[in-house]
Amino acid sequence: MPTDNSFHEYVKELFAGVGPVQIKRMFGGAGGYADGVMFLLLGNDTIHIKTDEALKAELREEGSGPFEWTPRSGPRAGETIDLGYWRLPESALDDPDEAAVWARKALKIAKAKAAAKPQKKSKSVARAAPKGAKTAKKRPAKKARR
């Protein structure tokens, strides 16, 4: 079984057709990013791509399946959760051109989902006083003594 580093290098090479892919470790696996968005989920030497309902149907036809997670604790403990990533078809694992076709679809979906999320407030806005709160008045600067 390959090490994480060699698997990650393999993934970068496989998806080179979509441009530079960065791999960032997270939890027990890693995420694959391009153009600032995560479109790959890597775990147990398996590649999963970001999906929507239409892409899930295509992947199902290829014999693929979802990445499912079952939390051990918390309010959803024991529940099987589809995280929206499905296994890359076997035929694409040795074919960078086919892998790039699937990756472009996944990247398009990931970008659309990222654009649909509400934007986070900047730190300066987040630090502003709540609406209706009294703020201290600024004192005029003291004149320099001569």
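FYI, it's all coordinate maths here, none of it is from the lab. Note that this is a predicted model, so its numbers are computed, not measured. Ideal geometry is used to build each Cβ from the backbone, glycine not excepted, and the neighbour counts take in all protein chains shown.
Give Lys56/Lys108; Lys12/Lys50; Lys12/Lys113 a once-over and call out the pairs whose C-alpha atoms are over 21 Å from each other.
Pairs exceeding 21 Å: Lys12/Lys113.
Please list, in order along the range 42-57, the HN-Hα scalar couplings obtained from phi with the Karplus expression 6.51 cos²θ - 1.76 cosθ + 1.60 (θ = phi - 60°), rounded to whole Hz, x for Gly and Pro.
In residue order, the calculated couplings are 10, x, 6, 6, 10, 9, 10, 10, 5, 10, 10, 4, 5, 5, 4, 4 Hz.
Take peptides 66-74, 95-103, 43-51, 24-32 and line them up by average Cβ neighbours within 10 Å, highest first, as a rough protection proxy.
Output ranking for 66-74, 95-103, 43-51, 24-32: 43-51, 95-103, 24-32, 66-74.
Using the Karplus equation 6.51 cos²θ - 1.76 cosθ + 1.60 (θ = phi - 60°), what ³J(HN,Hα) coupling, rounded to whole Hz, does each residue of the range 65-78 give in order, writing x for Gly and Pro?
x, x, 7, 10, 10, 10, x, 8, 9, x, x, 10, 3, x
When the Cα centres of the range 53-117 and the range 8-37 are compared, how far apart do they sit, in Å?
Their Cα centres are 14 Å away from one another.
Taking H as built 1.01 Å from N, whose amide H comes closer than 5 Å to the amide H of Leu83, not counting residues under 5 places away?
For Leu83, whose amide H was placed from the backbone, the distant partners under 5 Å are Phe67, Trp69.
What are the ³J(HN,Hα) values, in whole Hz, obtained from phi via the Karplus relation 6.51 cos²θ - 1.76 cosθ + 1.60 with θ = phi - 60°, for each residue of the range 108-120 in sequence order, with x given for Gly and Pro?
So the J values, rounded to whole Hz, are 4, 5, 4, 5, 5, 5, 5, 5, 7, 6, x, 6, 6.
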